[in-house]
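Below is one structure, written out as structure tokens; the observations come after it.
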Amino acid sequence: MNYYEVIPFTNLDYYTYSTELKLEVGQRVMINLRNKMIPALIYKKVEKIPEFKVKEIEFIIDELPLITFKHIKIIEEISKNFAISLGEASKLFFPPISSDMYKLKVVPISPLAPFQKPIFLNEFYKNFKSKSVANKKIRELSKNGIVKLELHIKRTKEKKESFFKLNKSIEEIMKIKISNTAMSVVNYLNMKDIINEKELYELGILKHGTTVLKTLMKKNIICEVNESQIYQYKKIILSDEQQKVVNEINALNDKPHLLYGVTGSGKTEVFFEIAKPLLENGKKILITIPEISLTPQLVNRIKNRFAEYNVSLYHSSLTSSEKLKTWYDSINGKTDIIVGTRSALFIPVKELGMIIMDEEHDTSYYQSEGTIYDGVEAAFIRSKIENIKLVLASATPRVKDYYRAINNEFYMEKIEKRIFSKMPEVEIINMKEEEKISWIFSKKVIKEIKKTLEKDKKIIIFTPTRGYANYIMCPDCGYIFKCSECDVSLTFHKNDMKLKCHYCGKEEKVPSVCPNCGNVNLQSRGYGTERVVNELMKLFPSEVILRVDRTVIRSYEELKKTFNYMKEPGKKIIVGTKMITKGLDIEDLHLVVVLDSDRYSNFPDYSAYESTGALILQVGGRSGRKERGKVLIQTFKPEEELYKAAKNHDYTMILNHEIKERKEFRYPPFSDMIIIMVYEEDKKNCEKISREIFNEVKEITREIMGPVDPIISRIKNKYRKQIILRGNINIESLRNVLKNFRNIKVYVNPPSTLL
């Protein structure tokens, strides 16, 4: 009998199980844990026979290991660094085994088998009183070479992307009789030159199942185009700054690199040049981005640059089969470049040569739900253990990574000039003195919008929140309408005439009277994207005004469609939240307006100055990519140093300010900060448990605060208390203390205390 420590894919570490088979570290198995069938990972071989009773492994999932000893080491380090179990860390490396794509089959391999065709495990279970009896029978049949277990993966056919172009002139086509729908396709093609068939369905020009394209091809009006004809790379000559950065990154391999380049400085072209020699030597490249909205434009650029290589996507909006295909292609070496969001960092890619993290400053890289971890730190751990080159890139890098760079833990390469234009002109508008059109817009902003539209250029207007108003209140008694399940005010959405909670999703109709005093004259306060759009429609009734936020864009397909529309030439006013601040490259975008800029800087948060500075410089950086643009920032505090930095495009000034402040007050990176959040449905129980935890962990560090109410004390009907620890904290010791407590979350060095 062989004994192994196995890691169950749950919130646990490891247990000892036995099997007569010889297994290897990294194989997945199924185990019976507390009367539940759970997938697990072979962790270590146990040489001594245990002195306690040991259960048998139920059966094997993988014939061979899919991860290596180095990946096991990464799992251990992630568990240690982020105070999570080995089980939670292991799950990150695999697609969910509970997915419908995974089904275990019992396969007959001998005429003695009780059935002649493979059957799924669940079907096999139906013939027995219990799963334990059935599993015992499987082990017996398997041991005698009568059946074997096989992981059935539903394979999907790769959908071939079809591209078309016009084969005749418009004048010739007008002489041919075609349907109105066919003419819509022709008109769209005439604007775009070459189109992907998917675009026609996404934009509603065609419906699935139609024969319009076949008819147009039959009449020789359109023809299909090979993908190689679409993605034709036009050689770009790098600037001296870019070339210097490429040379340094290629030459230096012993530490990670921080690529600190202003917006529009051509960081993506640097990525391509440093990836090229690795790809030519058979290595694979992983490029991560913080948001799925950035994938379409990046993938197109990669395909243009590396048409001969296989490019795959990995993010949450893909179907299970699409994600599964990328995962297996990656571990089998069938894909060369993987573009993905945070979860892609853990794919055990075969022959991985480099990880590039674009927009590395973005807080989306910090996973704050489910298994909590810092994606940038996880990439750092992986690069060290697997000896992979790591490049972190941003125009506004994290304070932590910049501090590492100036202390020689990272290499730092700077690009301080834009490629095609100068940095945009930034004007700070003092809202205390400036003449206003409304309480949202200054007269100067409206004047600049008008001038930009007259030039047939685009405008982005950034506002921090969505909805029409931040809340509705009664002016007589001061009553504010709040969510019944969360301790937050409900946001007013005028178009739907509903109050919505942006934390739990609860909705209710807009009330006609105050429930407290009966007043019918209720008032809305604050503003979001919906109200901004309404105001602009009054001022510019004949212009195209586009709203971009998570209320109106709910799927990846809608997002792609919207972003494609935004990029089409011609004047547009685009109103949006943080979705429009990240990596957007629109050639004819001339003006960026930042509304309510004081909202973020006034948050009671240790990182408010850094995050506000990064946000303003990032959204402003969308302006003037081909010719010099303009940025207008409305504020009631123009004297703040933050706006001086924004005006001069000097993010280093913000970083140095933050380093000084954090050193004085012992915030990361000068001290660890760990937040323990307790969740309970009963308020008294929440207080009791948080007090117990406080008493247990106070021995780990002298710097401890709490238990206190977080800024939102109740979410989804659960009361919350938080305990904040600071200092040089032994995270392993902390996790050992916290193992006995349920309904808690542990955040190690989170980017914000406003959790």
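The values are calculated or read from the model by the stated rules, or taken from the named source; none is laboratory data. Only a predicted model underlies this, so the values are computations on that prediction, with no experimental measurement involved. Methodologically, a virtual Cβ is constructed for each residue, glycine included, from the backbone with ideal geometry; neighbour enumeration extends over all protein chains shown.
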**Prompt:** Within the range 1-35, can you find the residues that are in a loop (DSSP other than H, G, I, E, B), crowded, with 16+ Cβ neighbours inside 10 Å and in contact (Cβ under 8 Å) with a residue 60 or more places away in the chain?
**Reply:** F9, T10, L12, D13, Y14
**Asked** Any chance the range 234-245 includes a residue that's in contact with a strand residue (DSSP E or B) (Cβ under 9 Å, 6 or more places away or on another chain), under 22 Å from V376 (Cβ atoms), surrounded by fewer than 21 Cβ atoms within 10 Å (Cβ to Cβ) and not assigned by TED's automatic domain parsing to the domain that holds M579?
**Response** no
**Message:** Of everything in the range 702-726, what is closer than 16 Å to Y606 by Cβ, assigned to a strand (DSSP E or B) and touching a residue at least 60 places away in the same chain (Cβ under 8 Å)? Give them in sequence order.
**Reply:** R726
**Fill in**
Counting only strands (runs of 3 or more DSSP E) wholly inside the range 120-218, the ones holding at least 1 residues that are surrounded by fewer than 16 Cβ atoms within 10 Å (Cβ to Cβ) and among the aliphatic types (A, V, I, L, M) are 147-153, 194-196
**Complete:** Only one of I72, I67, I38, I49 is under 24 Å from N736 (Cα atoms), assigned by TED's automatic domain parsing to the domain that holds K91, hydrophobic (A, V, I, L, M, F, W, C) and outside any strand (DSSP E or B), namely I72
**Message:** Please go through the range 262-285 and give me each residue that is in a helix (DSSP H, G or I) and under 19 Å from A379 (Cβ atoms), ordered by number.
**Reply:** K267, T268, V270, F271, I274, A275, L278
**Asked** Of Y309, Y373, Y366, Y328, which residue is crowded, with 23+ Cβ neighbours inside 10 Å and farther than 19 Å from K389 by Cα?
**Response** Y373
**Message:** Condition first: within 28 Å of D585 (Cα to Cα), within 19 Å of the chain's Cα centre (by Cα) and surrounded by 15 or more Cβ atoms within 10 Å (Cβ to Cβ). Can you find one or more residues in the range 397-405 that meet it?
**Reply:** yes
**Complete:** For helices (runs of 4 or more DSSP H) lying entirely in the range 601-701, having 2 or more residues that are under 22 Å from I406 (Cβ atoms) and touching a helix residue (DSSP H, G or I) at 6+ places or on another chain (Cβ under 8 Å) picks out 608-620, 641-647, 651-665
**Prompt:** How about the range 493-556: which strands (runs of 3 or more DSSP E) wholly inside it have at least 3 residues that are under 30 Å from K198 (Cα atoms) and not basic (K, R)?
**Reply:** 545-548
**Asked** Of these, N740, N656, which one is farther than 27 Å from K500 by Cβ, outside the structural domain of Y609 (by TED's automatic domain parsing) and either in contact with a Ser or Thr (Cβ under 8 Å, 6 or more places away or on another chain) or free of Cβ contacts under 8 Å to residues at least 40 places away in the same chain (or both)?
**Response** N740
**Asked** Do you know which residues across the range 578-608 are crowded, with 23+ Cβ neighbours inside 10 Å, over 19 Å from the mean Cα position of the chain (by Cα) and over 21 Å from G467 (Cβ atoms)?
**Response** L589, H590, L591, V592
**Number of the exception - I221 against (1) modelled with pLDDT under 80; (2) touching a Leu at 6+ places or on another chain (Cβ under 9 Å)** = (1)
**Fill in**
(1) over 21 Å from F380 (Cα atoms); (2) crowded, with 18+ Cβ neighbours inside 10 Å; (3) touching a residue at least 40 places away in the same chain (Cβ under 8 Å); (4) among the hydroxyl-bearing types (S, T, Y) all hold for T288 apart from (1)
**So L298, is it under 27 Å from E558 (Cβ atoms), within 16 Å of the chain's Cα centre (by Cα) and free of Cβ contacts under 8 Å to residues at least 40 places away in the same chain** = no
**Asked** What are the residues in the range 545-581 that are farther than 26 Å from M497 by Cβ and of a type in the set (S, T, N, Q), if any?
**Response** N564, T581
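Listed here are the residues, each with its yes/no results for (1) buried (at least 19 other Cβ atoms within 10 Å of the Cβ); (2) at pLDDT below 90; (3) among the polar types (S, T, N, Q).
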{"residue": "M653", "(1), (2), (3)": "no, no, no"}
{"residue": "E680", "(1), (2), (3)": "yes, no, no"}
{"residue": "K683", "(1), (2), (3)": "no, no, no"}
{"residue": "R691", "(1), (2), (3)": "no, no, no"}
{"residue": "E699", "(1), (2), (3)": "no, yes, no"}
**Prompt:** Does the range 230-240 contain at least one residue that is closer than 26 Å to D401 by Cβ, part of a helix (DSSP H, G or I) and of a type outside the set (K, R)?
**Reply:** yes
